[in-house]
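Okay, structure first, notes after.
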Amino acid sequence: MSVALAALFHRLGGFRLLKYLFASVGALAVDVGVFLGLLTMGMWPAGASAIGYCMGIIAHWLMSSRAVFTDNVAERGMARTRQKALFVGSALAGLALTTGIVWAGDASGFDPRLAKLVAIAVSFMATWLLRSRVVFR
């Protein structure tokens, strides 16, 4: 890896971003698994997407607070409660983006699974920015 590339990787959050990516993949597995299971059972796509995302939120908090942002997790008490509330707020922003994109895709006649893929990318970037710059600052 060149020095310039290594510096850029470090500036972008380096290994923390990589760990966040792995945590996101784990949460995504929960999210998409629930989403596809509910779709198979005939649930409305936007609702299935919202429920899957909520299950992914729980998985993501557990992985983020224990493996990604370990040095920035608040101690117990009000600081920890505030941090959890901010995490939920970032998750709700991602949920709104995800649900809205899947709803718009479905309403426009797109396959909801393709709309979900777009939603995943948009939500990942939005929540990374919120969590790395606000929640675990």
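Put the Cα centre of the stretch 87-137 next to the Cα centre of the stretch 41-66 and the gap is 11 Å.
Here the Karplus curve 6.51 cos²θ - 1.76 cosθ + 1.60, taken at θ = phi - 60°, turns the phi angles of the stretch 113-118 into couplings of 5, 6, 4, 5, 4, 4 Hz, with x standing for Gly and Pro.
With semi-axes defined as the square roots of five times the eigenvalues of the C-alpha gyration tensor, the equivalent ellipsoid of the stretch 87-137 measures 25, 9, 5 Å, largest first.
Using θ = phi - 60° in the Karplus curve 6.51 cos²θ - 1.76 cosθ + 1.60, the 3J(HN,Hα) couplings for the stretch 60-72 round to 5, 4, 4, 6, 5, 6, 9, 9, 9, 10, 4, 7, 10 Hz; x is entered for Gly and Pro.
Considered as an equivalent ellipsoid built on the Cα gyration tensor, the chain has semi-axes of 28, 19, 12 Å, the largest given first. Assuming charge only on the beta carbon of Lys and Arg (+1) and of Asp and Glu (-1), the dipole of the chain about its Cα centre is about 580 debye to the nearest 20.
Each residue of the stretch 26-41 was assigned a 3J(HN,Hα) from its phi angle through the Karplus curve 6.51 cos²θ - 1.76 cosθ + 1.60 (θ = phi - 60°); the sequence is x, 5, 5, 4, 5, 4, 5, x, 5, 4, 5, x, 5, 4, 4, 7 Hz, with glycine and proline shown as x. Summing charges over all other residues whose Cβ lies under 13 Å from the Cβ of residue 32, with Lys and Arg as +1 and Asp and Glu as -1, gives +1.
Rule-based calculations on the coordinates, nothing more; no lab input. These numbers come from a predicted model, not from an experiment. Note that we place each Cβ from the backbone using ideal geometry, even for glycine, and neighbour counts take in every protein chain shown.
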